[in-house]
1. Scan the range 366-384 for residues that are in a helix (DSSP H, G or I) and open to solvent by less than 70 Å² (accessible area, probe 1.4 Å) and jot them down.
2. Looking at (1) in a helix (DSSP H, G or I); (2) closer than 30 Å to Glu41 by Cβ; (3) among the hydroxyl-bearing types (Ser, Thr, Tyr), find the lone condition where Ser206 falls short.
3. What do you reckon, is Leu196 in contact with a Leu (Cβ under 9 Å, 6 or more places away or on another chain) and open to solvent by less than 10 Å² (accessible area, probe 1.4 Å)?
4. Here's a check for you: in the range 22-37, which residue that is more than 16 Å from the ligand (Cβ to nearest atom) and open to solvent by less than 10 Å² (accessible area, probe 1.4 Å) is nearest to Ile200 (Cα to Cα)?
5. What are the pairs, 6+ residues apart or on separate chains, where a residue within the range 142-156 that is of a type in the set (Val, Ile, Thr) has its Cβ under 7 Å from a residue that is open to solvent by less than 100 Å² (accessible area, probe 1.4 Å) and in a loop (DSSP other than H, G, I, E, B)?
6. Residue check, Lys404 against (1) surrounded by fewer than 18 Cβ atoms within 10 Å (Cβ to Cβ); (2) in a loop (DSSP other than H, G, I, E, B); (3) charged (D, E, K, R), all met but one. Which one?
7. Of all strands (runs of 3 or more DSSP E) completely enclosed by the range 110-196, which ones contain at least 2 residues that are more than 21 Å from Asp218 (Cβ to Cβ)?
8. What pairs can you find where one residue is in the range 120-140 and open to solvent by 60 Å² or more (accessible area, probe 1.4 Å), the other is of a type in the set (Gly, Ala, Ser) and in a strand (DSSP E or B), and their Cβ atoms are less than 9 Å apart, with a gap of 6+ or different chains?
Amino acid sequence: MTTTALPTYEDAIAHYEPVIGLETHVELGTNTKMFCGCPTEFGAEPNTQVCPVCLGLPGALPVANRAAIEATIRIGLALNCDIAPWCRMARKNYFYPDMPKNFQTSQYDEPLCVDGYVDVQIDGETFRVEIERVHLEEDTGKSLHVGGATGRIHGATESLVDYNRAGIPLVEIVTKPVPGLGARAPEVAKAYVTELRDIIRSLDVSDVRMEQGSMRCDVNTSLNRPGDEWGTRTETKNVNSLRSVERAVRSEIIRQAGLLTGGTRIFQETRHFQETTGDTRPGRSKETATDYRYFPEPDLVPIAPDTAWVAELKAALPELPSVKRARLAEEWGISALDMQSVANAGAIELIEETIAAGTSAAGARKWWMGELARRANESGVELAAVGVTPAQVAQLQGLVDEGKLNDKLARQVLEGVVAGEGDPAAVIEARGLGVVSDTGALTAAVDEAIAANPDIAAKIRDGKVAAAGALVGAVMKTTRGQADAKTVRELILARLS
Ligand SMILES: [Zn+2]
């Protein structure tokens with residue numbers, strides 16, 4: 001086998017058109033599992049949340065969780081889907097040690113929700129991602145491979161299985177293939193998963209935490225030459241963060257372009273995203289639907305949601321993120337594009353809370369999108385984890401508004417808050433950072449500046465008031481920025497008039 005040098009991303013996009021598709025699994029936050037009464041709390045001791053049903057013991061019979069069906073319908077409605085008036089669960093047959101029944105109870109040709117869409121905005125441009133289906137299934141258990149360096153089964157000395165997760169309701173959201181995105185494909189993939197996460201979060205049906213696995217994403221990618229039929233797709237798994245969604249699509253486009261240009265066929269396969277290197281590695285060759293021998297689940301009654309119930313659920317949907325963004329943009333007096341930056345920075349709730357604590361919209365946005373965004377970026381953390389609360393930002397801006405801090409001092413106070421020195425008031429006290437506007441203390445500094453700059457003082461005496469700026473600067477320097485500039489200016493002019 002020959003190896004082909006990888007093209008650049010720009011080069012790959014210049015010769016090939018990507019088609020992407022996304023399959024997202026969301027673990028529902030129901031109190032009990034999908035087909036039994038076992039609790040679902042995250043982080044419990046292994047195999048303490050199990051029963052004959054979710055362990056697949058012979059003779060145990062499942063009963064569907066109504067709250068999970070309701071949550072799935074609400075997700076479908078929020079994604080503009082049609083809700084099936086009648087559908088069934090199906091058995092997806094395969095063997096895996098973390099799935100004790102040897103089949104997963106899922107849905108096959110009769111999903112609960114179909115034909116929806118999600119619109120995402122990038123740089124003011126709208127991209128529509130169409131939803132093929134939203135269906136309900138159960139999660140598997142978790143295998144733990146011990147003794148190896150990688151945590152993978154290769155090289156492990158033993159494997160352990162925890163069935164606590166087996167049977168937790170899982171919603172799978174599958175998009176239709178999305179062609180025509182060109183170089184934007186990785187960004188649209190990320191924006192779609194972000195929007196999906198925010199929509200589901202607004203419904204309060206899952207905590208949608210990618211790092212804890214309650215939201216997991218598989219990314220399908222294929223390439224074709226312009227005008228040709230779509231190429232063979234690969235499915236990338238293990239994509240565990242929003243950033244990784246973008247990276248996974250990008251690296252797969254580059255990898256496939258390299259192979260295709262070198263004359264190698266793309267095989268339909270499952271690949272694994274490598275968080276450390278940002279590329280994908282081969283997994284198993286992909287099964288086709290016929291390998292799973294799907295058939296309708298005989299132990300469960302069909303799901304037939306009453307139309308009045310669905311209408312009720314639709315009417316009771318909360319304000320969805322896109323509607324909320326439009327409303328806030330108007331309230332805050334900012335453009336849709338600026339609002340998108342706020343959303344991308346994860347700053348909407350933080351700004352809302354800061355405003356609720358008494359700050360103006362402009363004041364709240366200035367801190368979160370300016371100094372704090374910069375700090376978060378520098379230390380590679382989420383804005384919400386930067387070390388300052390909305391209440392503290394509100395206090396800080398309040399002190400600026402009252403003239404007790406200028407912007408420069410406020411940034412120093414913020415530094416103290418981030419360093420864990422307490423609320424703004426405590427930092428000011430401890431660091432002695434307040435603005436000095438007491439004229440007695442400033443007069444000496446003003447006299448010193450006048451004595452040191454006789455030429456400038458002479459100009460001001462001659463009526464050239466604009467020259468006062470240089471003396472104000474000199475006073476600010478000797479007081480290490482703590483003087484109230486307005487008071488200093490008044491003192492200088494009074495002295496020299
Ligand atoms: Zn159970």
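The values are calculated or read from the model by the stated rules, or taken from the named source; none is laboratory data. Please read these numbers as outputs of a predicted model, since none were measured by experiment. Quick reminder, even Gly has a Cβ in these numbers, built from the backbone with ideal geometry, and neighbours come from all protein chains shown. Calculation scope for accessible area: heavy atoms of the full protein, side chains included, ligands and nucleic acids excluded. Shrake-Rupley method; radii C 1.70, N 1.55, O 1.52, S 1.80 Å.
1. Within the range 366-384, Trp367, Trp368, Met369, Glu371, Leu372, Ala373, Arg375, Ala376, Leu383 qualify.
2. Condition not satisfied by Ser206: (1).
3. Yes; evaluated as a whole, the condition is true for this residue.
4. Applying the filter and picking the extreme gives Val26.
5. Val146/Ala156
6. (1)
7. Of the strands (runs of 3 or more DSSP E) lying wholly inside the range 110-196, those with at least 2 residues that are more than 21 Å from Asp218 (Cβ to Cβ) span 113-122, 125-138, 142-146, 158-162.
8. If the second residue must be of a type in the set (Gly, Ala, Ser) and in a strand (DSSP E or B), the pairs left are Glu130/Gly116; Glu132/Gly21; Glu132/Gly116.
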